[in-house]
Amino acid sequence: MPNQDPDKLSAGLKRRIAELCPPGIQWELVGLHGGPGVVVSLESPYIEAAARAIEHAFGRRPVFTREGGSIPIVADFADKLKADTLLLGWGQEDDNTHSPNEKILPRRLPPAH
């Protein structure tokens, strides 16, 4: 989500866990990284170029969904470079991205000569 501060979110989560945690239970929340959210406008020329390429390759316009990711450098690209960054996800609908049984079927290439 845009306009969210990861440090404020982490602090709020810690407060809420502390409120809900039963007496005698010890817990720790360790923040490993965080980056602010970024939204790229659908009016971006780069979005349109990507949409045309996808339509050319697959025969139909893409469906735009607002999805999240955890790549903190994207916010830096937007802030410091004023660059639109596109994150295009690819896979099968039954892939379990980043799970223990993640699956993306490999395409077998012919042997090199």
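None of the figures in this text is laboratory data; all of them are computed from the coordinates on show. In this text the structure is predicted, and so the values were computed from the model without any measurement.
Mind checking Rg over Rh on region 39-98, alpha carbons, Kirkwood formula for Rh?
Working: Rg = 13.1 Å, Rh = 13.2 Å.
Ratio of gyration radius to Kirkwood radius for region 39-98: 0.99.
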- Gly37 long-range amide H proximity, modeled H, under 5 Å: Asn3, Gln4
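Region 1-104: Rg/Rh from Cα coordinates, Kirkwood Rh?
Details: Rg = 18.5 Å, Rh = 17.1 Å.
Using Cα coordinates only, the ratio equals 1.09.
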